Amino acid sequence: MRVGIIGSGTMGSGIAQVAATAGCQVKLYDTNQAALDKAKDALEKILLRLIQKGRIDATEKARIQNQITYVDKLHDLADSNLTIEAIVENLDVKKQVFSELEGYVSSDCIIASNTSSLSIASIAAALNQPERCIGIHFFNPAPLMKLVEVIPAIQTSNEVLETAVQTITDWKKVVAVAKDTPGFIVNRVARPFYGESLRIYEEGMADFATIDWSLKTLGGFRMGPFELMDFIGNDVNYTVTETVFTAFYFDPRYKPAFTQKRFAEAGYLGRKSGRGYYDYSDNAIQPKPREDKLLAQQIFDRVLVMLINEAADALFLNIASAEDIDNAMTKGVNYPKGLLQWADDKGIGWCVKKMDELYAMYHEDRYRCSPLLRKMNQEQQTFF
Ligand code: NAI
């Protein structure tokens, strides 16, 4: 298969590596020569590291590198069977590139976007043949993260969906098919991990270190929410939250937190700026959590049930299948367990009770229990 990748930044270069490793002929295109040079150098370093780790040999390294050609004209992608775009997150720029690209490629070439936040329908609308457009959403870093969300737009043909799923599966990734709705699966279902933790902090229930400790100790999450927000960057994480909130017509469940906004405004972005919720300077003294088991349980239960409620509601609204929702969270963001499996293990009755307790306390729409959980509880069903 001949694959054209548009944009050789963080995502494009990673996707190129994945496709080349799987045996595809890849052309990596960027308007910026420096970005192309950087992608080439980065791949050299990554492959050398893989040799050191004993994962590949020199022959395999040369094979992967020979599969990738670096090009600076969109027209060079003319013979592609599949193109994946990973340029700036700007609808007008993407539309312009897609409409130019369509003039070069053959009529059966699939034209995909790696967008995180734009609707696939809006991008597909730029094409004369919108049925060939689809979302193929990788996670960062693309060569390491197992999950890829595949998002058909309402215009996308079944044939294009089937080919996309088969291709990405052949690339040894785990595919989750998602409806073309804000945040797809992961960026929607993961919101309470950050949002509810920020809310718990804002209410003064616990500090950052205690909340992180609770979720790591009791939940088995690799990073606590504040550590993770510092890792992602408070500017980036805040923007995703605000985009999802706006796209959902201001549903209070996705409401951003002032705390995070202020941290982003102050330039306390996290690891990349040396300071976020934690201080990353040399010799900084890290705050100690309050190791109170009862408090930790309350924090963990509250964040977990909000995550489960979000996952259940995504299933209720047919965003994806139960299997794909659970795979998305374990393979896309390394959750220790799928949220719907977690609901089964905790008991659907427990989930409904916890949500109703939160609602009784706050009377906010944010804490409404998903109708699916309520129905399943009445009918004594489980997800799996
Ligand atoms: P990036 O900024 O690292 O790379 C973008 C590249 O596109 C740059 O090299 C730039 O020179 C090039 N570019 C810009 N306009 C272009 C044009 N008109 N024609 C050709 N090349 C052009 O961006 P990144 O982070 O790789 O993101 C790319 C896309 O992937 C965005 O849509 C983003 O939402 C999405 N995405 C990003 C993730 C992340 O964690 N960074 C995760 C999943 C999706």
For this session: Within the range 144-159, identify whether any single residue is among the hydroxyl-bearing types (S, T, Y), open to solvent by less than 50 Å² (accessible area, probe 1.4 Å), outside the structural domain of M306 (by TED's automatic domain parsing) and within 20 Å of C24 (Cα to Cα), and answer yes or no.
Result: no
For this session: Could you grab the pairs with beta carbons closer than 7 Å, sequence gap of 6+ or different chains, first residue in the range 356-367 and closer than 18 Å to I308 by Cβ, second one of a type in the set (D, E) and open to solvent by 80 Å² or more (accessible area, probe 1.4 Å)?
Result: none
Exercise. Does T169 satisfy the criteria of being closer than 30 Å to C109 by Cβ and surrounded by fewer than 19 Cβ atoms within 10 Å (Cβ to Cβ)?
Worked result: yes
Problem set entry | Boolean, C109 is touching a residue at least 24 places away in the same chain (Cβ under 8 Å), in contact with a strand residue (DSSP E or B) (Cβ under 8 Å, 6 or more places away or on another chain) and crowded, with 22+ Cβ neighbours inside 10 Å | no
Exercise. Is one or more of the residues making up the range 282-301 assigned to a helix (DSSP H, G or I), in contact with a Lys or Arg (Cβ under 9 Å, 6 or more places away or on another chain) and open to solvent by less than 50 Å² (accessible area, probe 1.4 Å)?
Worked result: yes
Exercise. If you check L147, L161, L218, which single one turns out to be over 26 Å from V305 (Cβ atoms) and either touching a residue at least 60 places away in the same chain (Cβ under 8 Å) or in contact with a strand residue (DSSP E or B) (Cβ under 9 Å, 6 or more places away or on another chain) (or both)?
Worked result: L161
For this session: Read through the list (1) of a type in the set (S, T, Y); (2) farther than 16 Å from L144 by Cα; (3) open to solvent by 20 Å² or more (accessible area, probe 1.4 Å); (4) within 12 Å of the ligand (Cβ to nearest atom), then give the number of the only condition that T83 fails.
Result: (3)
Seminar exercise, completed: When every residue in the range 20-41 that is more than 13 Å from the ligand (Cβ to nearest atom) and in contact (Cβ under 8 Å) with a residue 24 or more places away in the chain is compared, the one most open to solvent (accessible area, probe 1.4 Å) is Q25
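The values are calculated or read from the model by the stated rules, or taken from the named source; none is laboratory data. All of these numbers come straight from a predicted model, not from anything done at the bench. Methodologically, a virtual Cβ is constructed for each residue, glycine included, from the backbone with ideal geometry; neighbour enumeration extends over all protein chains shown. Keep in mind that these areas ignore ligands, DNA and RNA; they rest on the heavy atoms of the full protein, side chains included. Shrake-Rupley method; radii C 1.70, N 1.55, O 1.52, S 1.80 Å.
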